[in-house]
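The values are calculated or read from the model by the stated rules, or taken from the named source; none is laboratory data. In this text the structure is predicted, and so the values were computed from the model without any measurement. Please note: Cβ atoms are built from the backbone with ideal geometry, for glycine as well, and neighbour counts cover all protein chains shown. All accessible areas refer to the heavy atoms of the entire protein, side chains included, with ligands and DNA or RNA removed. Shrake-Rupley method; radii C 1.70, N 1.55, O 1.52, S 1.80 Å.
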Amino acid sequence: MGNGLSDVSATIGELMGRALLRGPLAPDEDFFDCGGDSVRAVDVLQQLIDVCGPPGTETAEALRSTLLETIFEDATPAGLAKVCLAHAAVPGAAGGGPSH
Amino acid sequence: MRPAEGRVIDGSGAASGGLLTELRRRRDERPHAAAIRTARQTGGDHLVTWAQLYDAARAVVAGAVALPPGAPVLVIVDNTPASAAALIGLTAAGVDVLPVEEGSSYLADLLAPARNPGVRTVVGPDGAAGTEPAGIDFLSYERCRADPVGAGGVPARRPGEVLQLTSGSAGEPKIVRHPVDNVRHGGHTYRQILGLTPADVLVAAVPLAHSFGLVGALAAAVVSGAGLRTMRRFQPGRVADALTEDATVLFGTPLLYRLLTPVLRRRATPARLRAAVSSGGPLAADLGERARAALGVPVCQFYGSTETGLISYQPDFAGGAPDPSVGVPAPGVRLRLVSVDPDGAPGVGHLSVRTPTLFHGYLGASGPVTTPDGFYDTGDLARIDTGGRLHLLGRKDTFVNVGGRKVNPTRVARVLGDHPGVRDVFVFGATDAGGEQRVQAAVVLGPGTGPAELAEHCRTRGLAPYEVPHEFHRLPRLPRTAMGKVDRQAVVAAVVPVPIGSEA
């Protein structure tokens, strides 16, 4: 499986959809416009770090820091996927997939 | 029990005449200094000076002559300078205002014919037009202004009231009546406690529609001349930018500090920050420690309510030992503990307060809200320690506190109960591992109905995102007491392990 922007974006869209009890979000759909709130945003980011976070606490915390700031600026799966790729964080890096 | 009492407010700089009089002084003193700066979502800011803010508020006073007399005006507050000018100008013109946060689900409820408390005009940002029912006028912030020269509008002899929504301890929300002078007085209390001067820059990471932001941030800035920074929508990056730049005092909720602390990892320690204030719910000790490390100052908890205004605050802005209390009484506040159990622990009881900013009653209700000697029963169970600090032991409220926003579970349950597939429902709050409360719904469902449909139903019915249950739990029936009431403890015990939807 590839781990390009569209794959990471799809994973994030799926996590967001699950937090909202609906189907996956499209890459350019805004999580807050779709019914997300801060508490759900924190959940989604935690799951995202769990499934594709880099190993090691320090790098995971750096990713969390960037993701937290980003989701309140650009809450789309594509926007967050760019951050993950910039941190070399892709689904499966933590040894788990999004579906478990 | 000897009542504890805070210092008496010094009153210096206090003047009657509401916030407009104060605003005129700021205009006279420093017309070209920055008054309010609002971060735009797309970047950049919207900035007004004290002269511009005063002129805008004065034009609102002039424009108010065209409003239906006696009817309260609902103001959608988007935290911009224009929204602040509308609130200050309308109250100065004698109009009662009902501030509501942008995106609040109460907007539709309040304007529904059966519930409308007499509102005939909604004032808000341009984009908010078109949501109001027939018979209600919408005016943009700009369109409710008139040229003050020659328009005849003068500040009213009796300033308007500020009407504030409160979640209510049980059942339906209520509207609390405050003379605008309470807001002004409350602003002076914050000014005095925090030692605010024109050299300060306050950051409101909270909505100006609610009392903490309205009084602690907006009114305190207007009465002290401190600059105020606000944002349309909560963005931790913008808060962090303001802290790095020039902020001296930060107002936030515990959830704000939870979201901000990781973001601050990538920034320099705030250079000028000298006080961080948290209100809206209890701040967990471990979060307080992490936030203090990132901010360079301790996070001080302020405790109060919509009905009373500020009750107590932690005064050690510069540092000190971790403080498990909610601090000392605010200036002019008297505390009284009414013992619940004569054999109980000494110094423990239901907290009653007398505050200089006590509300004047609930809209549409009559009857006294205090004891004959002026004390209001908060319903909270509390203790006062030997050092005179107040400790909260239990809250009477049944609302769910989602990041400082009070969600009324009865109202959420009513919306869910309207869905044809829901046979029975009970809504309550549960605190997660991070210390945040989440909305939980225990539901008895008919065949073919699932949580996805219920979440969508809540959104379609206009509940705000934080009001839509974060977890749904399907039960074969709701446990009830012998009296027929839902047995809350039994529901909590039955549902908390596995929410439905999580296994989907």
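Dipole magnitude of chain A about its Cα centre, charges +1 at Lys/Arg Cβ and -1 at Asp/Glu Cβ only, in debye to the nearest 20?
That gives chain A a dipole magnitude of about 280 debye.
Over chain B, what is the mean sequence separation of C-alpha contacts under 8 Å (at least six apart), divided by residue count, expressed as relative contact order in percent?
Numbers: 1125 pairs, mean separation 61.7, N = 504.
Result for chain B is 12 percent.
Quick check: convex hull over the Cα atoms of chain B, volume per residue in Å³, rounded to an integer?
On the way: hull volume 84.4 nm³, N = 504.
Roughly 167 Å³ of hull volume per residue.
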Inter-part distance where the range B:135-149 and the range B:66-89 are each reduced to a Cα centre, Å: 9
How far is the Cα center of the range B:282-296 from the Cα center of the range A:34-90, in Å? 22
Cα centroid of the range B:302-345 to Cα centroid of the range B:26-45, whole Å: 34
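Over the Cα atoms of the range A:5-86, compute the convex hull volume and normalise it per residue, giving Å³.
76
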Check: in the protein assembly as shown the Lys pairs 8 or more apart or on separate chains whose Cα atoms fall under 27 Å apart number 6
Does a label point 7 Å from the Cα of B:A114, set along Cα-to-beta-carbon, have any residues of the range B:394-436 with amide nitrogen under 20 Å, and which are they? B:408-427
Quick check: pseudo-label points 7 Å beyond the Cα along Cα→Cβ at B:D432 and B:R158, how many nm apart are they? 4.8
At 7 Å along Cα-to-Cβ for each site, give me the label-to-label distance between B:R266 and B:D341 in nm. 5.2
So how far apart, in nm, are the two label points at A:D28 and B:E289 if each is 7 Å from Cα heading toward Cβ? 4.7
Using a 1.4 Å probe on the protein heavy atoms, what percent of the accessible area of chain A belongs to carbon and sulfur? 56
Taking 8 Å as the Cα distance limit and 6 or more residues as the minimum spacing, I'd like the relative contact order of the range B:22-76 as a percentage. 30
What is the dipole size for the protein assembly as shown, taken about its Cα centre, with +1 at each Lys and Arg Cβ and -1 at each Asp and Glu Cβ, in debye to the nearest 20? 1160
Ratio of the Cα radius of gyration of the protein assembly as shown to 2.2 N^0.38 Å, where N counts its residues: 0.97
Ignoring ligands and nucleic acids, what accessible area does B:I136 show with a 1.4 Å probe (Å², nearest 10)? 20
Per-pair calculated FRET efficiency, R0 = 35 Å: B:I136 and B:K485 via Cβ, rounded to 0.05: 0.40
Of the options B:P298, B:L416, B:P282, report the single residue whose Cα projects farthest towards the positive end of the charge dipole of chain B (beta-carbon charges: Lys, Arg +1; Asp, Glu -1). B:P298
